[in-house]
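The values are calculated or read from the model by the stated rules, or taken from the named source; none is laboratory data. On a predicted model such as this, the values are computed, not experimentally measured, just so you know. Glycine gets a Cβ as well: all are built from the backbone with ideal geometry, and neighbour counts include every protein chain shown. Note: areas computed on protein heavy atoms with side chains; ligands, DNA, RNA excluded. Shrake-Rupley method; radii C 1.70, N 1.55, O 1.52, S 1.80 Å.
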Amino acid sequence: MTKIHTYQKIIVLASLLAACTQLPTSAPPAPPEAPPPAVEPVRPPAAKPLTIDSAQSLIAVTVRRGGLLARLGHDHLVASRHVSGTVSPSQNRADLQFRLDQLTVDEAELRIAAGLEKQPSADAIDGTRNNMLTRVLDAERYPVVTVHAERGAAGQPLQVAITLHGVTRIMAIPADIRVSNGVMTVTGTVNLKQSDFGITPFSVMAGALAVQDQLELRFTLAAK
């Protein structure tokens with residue numbers, strides 16, 4: 001009986017082993033999927049700097065006469081038609097410059113636009129230009145005027161740093177800024193004092209005939 005019982009155990013164990021070999025084997029777990037590559041946000045390309053168009057730009061300065069004998073002198077119109085520089089719309093800033101030795105004096109059409117009467121003679125114009133460059137502005141020593149402007153919130157004045165005669169002054173200048181067909185146009189007016197830049201206004205006869213300290217400046221700047 002003992003042998004039979006042992007034989008039955010062997011048969012049961014063999015049956016169990018056979019059944020185990022018929023069980024389906026499970027596949028190993030799949031590795032976790034790699035995260036998708038990070039996608040950087042799409043940024044619009046930075047706006048390219050614009051270049052000042054000298055042919056469409058103008059800085060005009062009205063110089064008024066003063067002194068007891070002011071009636072013997074003339075008001076003058078000094079202008080620059082050679083403004084150069086760049087405007088960076090993405091940075092809301094502009095940098096420009098012009099040379100003093102390229103200034104014109106008393107162009108007839110500009111005098112009319114400024115409401116100045118009686119065109120001075122050619123000799124008077126030459127004398128005025130020579131005095132302005134040599135005795136007043138010292139153009140040989142300080143040949144270039146530079147301007148750095150920054151724009152804040154819309155409708156706010158430009159913050160402008162003007163370097164003239166070796167002196168830099170910062171001022172707020174209201175300006176009208178318009179963009180049309182890829183061209184930015186900036187216009188405005190501002191009053192400056194020569195003495196603020198270390199300049200002594202021209203005078204003769206102990207000041208009886210002189211140039212007023214205050215200058216009236218208007219500008220039109222086009223950039224594209």
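Look at the alpha carbon pairs under 8 Å that are at least 6 residues apart: their mean separation over the length of region 151-224 gives a relative contact order of 26 percent.
Here the simple spin-label model places points 7 Å from the Cα toward Cβ, and for residue 214 and residue 179 these points are separated by 3.6 nm.
Rounded to whole numbers, the Karplus 3J(HN,Hα) couplings from phi for region 187-198 are 10, x, 9, 7, 9, 10, 10, 4, 5, 5, 10, x Hz, using 6.51 cos²θ - 1.76 cosθ + 1.60 with θ = phi - 60°, and x at Gly and Pro. With every protein chain in place and a 1.4 angstrom probe, the accessible-area ranking of 177, 59, largest first, reads 177, 59.
With every protein chain in place and a 1.4 angstrom probe, the accessible-area ranking of 109, 216, largest first, reads 109, 216. A probe of 1.4 angstrom, applied to the heavy atoms of all protein chains, finds residue 224 with accessible area near 130 square angstrom.
The distance between label points at residue 203 and residue 171 comes to 2.1 nm (points 7 Å beyond Cα on the Cα→Cβ vector).
If a/c stays under 1.5 just call it rounded; otherwise compare a/b with b/c (prolate if a/b is bigger, oblate if not). Do that for region 95-140, with a ≥ b ≥ c from the square roots of the Cα gyration tensor eigenvalues. The shape class here is oblate. Once C-alpha pairs closer than 8 Å and six or more residues apart are averaged by separation and normalised to the residue number of region 68-195, the relative contact order reads 18 percent.
In terms of its C-alpha gyration tensor, region 142-224 has a prolate overall shape, because the principal axis ratio a/c (a ≥ b ≥ c, square roots of the eigenvalues) is not below 1.5 and a/b outweighs b/c. On the basis of the beta-carbon distance and an R0 of 22 Å, residue 153 and residue 224 show a calculated FRET efficiency of 0.35.
The solvent-accessible area of residue 126, taken with every protein chain present and a 1.4 Å probe, is close to 100 Å². Once the 1.4 Å probe is applied to the protein heavy atoms, region 139-224 comes out at 57 Å² accessible per residue.
Just to confirm the filter: which GluC sites (Glu not before Pro) across region 117-183 are DSSP coil and have at most 16 other Cβ within 10 angstrom of their Cβ?
Filter output for region 117-183: 117, 140.
On the beta carbon distance between residue 90 and residue 146, with R0 = 25 Å, the FRET formula returns roughly 0.70. Full extension of the chain between residue 191 and residue 101 yields a length gain of 30.2 nm, computed as 0.36 nm times the residue separation minus the alpha carbon distance.
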